[in-house]
Each structure stands twice: as structure tokens, then as C-alpha cells.
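First the structure, in the form of C-alpha cells, and then the observations on it.
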Amino acid sequence: MRNAFILTSCLFATDLALAQQAAVVADLASIAPVTLSKTDLAGLLPNAKVTRIIANGNTHIWTNDSDGTFIVSSDNRATNGHTSTGQGKWHLSEDG
């Protein structure tokens, strides 16, 4: 779960700092990431929404719903222009 949180953090960081190069998981050790508790994550993940624009101009949107489902979509504007959407379920494990 920690790796999933770190990846989610990278996505948030990418959205907040589009001008900077996105970090990959291996790069995070040098900036001493903080591990959040399960309680912290339970307050952060439900209803979270991440929007990012990748280098080719496609916009990706990830939305977590409070019921444990998520929707991911891309406008694919730089490729075929056909919107794509996927859905799934998320949860926090007992150990957070």
C-alpha cells in the first residue's frame, strides 16, 4: 500500500508542478517522503481527484469515489481524439 500511496503522491506532485520533471518512485528516497497513517489516507483518498496533462497534450483524470470505486479517463486529444474511460475499485488494507 505504501508504494501505491507514493505513486499517488507522484501523480499529485505532477499535477501541481507540471513544469518540473515528474519523479519516479526510486527518486523519492532522496527527498525523504513521509509515510501517512491509515487514518490520514482514509481522509485523503475518498473523493480525491487528480488531473494531469502529459507531454503529448493528453489530459488524464482519476477520480476516487467514497464508495471505493474509481474512474480513470483520457481525452486522447494528441492521439486519436476518442475519449477513453475505465473504472475499478480501490481500498485501504488493514495495515494502511
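Just so it is clear, none of the values below were taken in a lab; they were calculated from the coordinates. All values derive from a computational prediction rather than experimental measurement.
Per-residue answers, yes or no, for (1) closer than 26 Å to VAL34 by Cα; (2) assigned to a loop (DSSP other than H, G, I, E, B):
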{"site": "TRP62", "(1), (2)": "yes, no"}
{"site": "PHE70", "(1), (2)": "yes, no"}
{"site": "THR79", "(1), (2)": "no, yes"}
{"site": "HIS91", "(1), (2)": "yes, yes"}
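Any idea how many residues of the range 42-60 are within 13 Å of the chain's Cα centre (by Cα) and assigned to a helix (DSSP H, G or I)?
So the answer is 1.
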